Amino acid sequence: MKSLLTYPFLLSWRALSRYMLRRFHRRAANGARVNQAALVQILTKARDTDIGVRFGFREILAAADPVAVFRERVPLRDYADHADDIQAIANGAADVLFPGLPIMFVATSGTSADPKILPLTLSQQRRTLQHIALLAPAIRWQAAPKLRLNQRSINLMLASSPSNTLPGGVKLGMSSAGGIRKVLRAAPYLWASPADVFELEDHAAALYLHTLFGLQDDS
């Protein structure tokens, strides 16, 4: 019975993944237009936020060439330039860099410098999840057409719940966690590791088990 239910799911998933890949190629072929539309959408949503008021997003949107005016008004910025705004969001301030509050904060690994915290919005999480669960498999199938429909892969991401809370009440966790939790029911069809491994709080043990299940998988 399980195989009868699984195969339609895999077919639907593969069809949706291939649609996402075709969409990606169409958008890439019209990169300048797509990028401008994305910029206008972001500026429109953030025009009344602190950063929107600071840099005059409304005036940028009203310009004949929003891209050119955006480049003139908004300089390239690094983490240090946004540190005060990010700390304000962590302390509970809303409508600072984007409308409302983030769904969580994520921390960088700190491999090249001190760890940094970054706010994660729901739209960011959804886009990341689309890339992980749909676009990445489609690219894999395109690169290796002989892969079977039920060919699972190794996923070293984790989905354990955030354990820390920042002063403003927003949780601090790993960037992959929130998105992966949304697709854990599909884990047996996508990845070599069972769902329980993704939810382990011991990250070293989870990574070890991901590797072990990957080496043992014969799908």
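Search segment 185-219 for residues being touching a Lys or Arg at 6+ places or on another chain (Cβ under 7 Å) and not hydrophobic (A, V, I, L, M, F, W, C), and hand back the single one that is surrounded by the fewest Cβ atoms within 10 Å (Cβ to Cβ). Across segment 185-219, the extreme among qualifying residues is S219.
Of the set (1) modelled with pLDDT under 80; (2) within 17 Å of F105 (Cα to Cα); (3) surrounded by 13 or more Cβ atoms within 10 Å (Cβ to Cβ), all apply to S163 but (3). Filtering segment 76-99 to residues that are in a loop (DSSP other than H, G, I, E, B) and either out of contact with any Gly (no Cβ under 6 Å at 6 or more places or on another chain) or open to solvent by less than 70 Å² (accessible area, probe 1.4 Å) (or both) leaves L76, R77, D78, G92, A93, A94, D95, V96, L97, F98, P99.
Could you please let me know if T121 is modelled with pLDDT of 95 or more, of a type in the set (S, T, N, Q) and open to solvent by less than 70 Å² (accessible area, probe 1.4 Å)? Here the answer is no, as T121 does not meet what is asked. Among residues of segment 166-219 being in a helix (DSSP H, G or I) and aromatic (F, W, Y), the one that is modelled with the lowest pLDDT is Y189.
Inspect segment 100-118 for any residue being in a helix (DSSP H, G or I), surrounded by 14 or more Cβ atoms within 10 Å (Cβ to Cβ) and modelled with pLDDT of 95 or more and give the result as yes or no.
Let us first name the residues in segment 100-118 that are in a helix (DSSP H, G or I), namely none.
No, every residue in segment 100-118 fails to be in a helix (DSSP H, G or I), surrounded by 14 or more Cβ atoms within 10 Å (Cβ to Cβ) and modelled with pLDDT of 95 or more.
Note on segment 137-149: residues that are open to solvent by 50 Å² or more (accessible area, probe 1.4 Å), modelled with pLDDT of 85 or more and within 18 Å of L11 (Cβ to Cβ) total 1.
Within segment 39-74, the residues that satisfy the criterion of being of a type outside the set (D, E, K, R) and in contact (Cβ under 8 Å) with a residue 24 or more places away in the chain are L39, V40, L43, A46, T49, I51, P66, V67, F70. If a residue must be open to solvent by 80 Å² or more (accessible area, probe 1.4 Å), part of a loop (DSSP other than H, G, I, E, B) and over 18 Å from D95 (Cβ atoms), how many such residues does segment 23-62 contain? The qualifying residues number 0.
The values are calculated or read from the model by the stated rules, or taken from the named source; none is laboratory data. Fair warning: this is a prediction, and the values are worked out from it, not measured in the lab. Neighbour counts run over all protein chains shown; Cβ positions are idealised from the backbone, glycine included. Just so you know, the surface numbers come from the protein's heavy atoms only, side chains and all, with ligands and any DNA or RNA stripped out. Shrake-Rupley method; radii C 1.70, N 1.55, O 1.52, S 1.80 Å.
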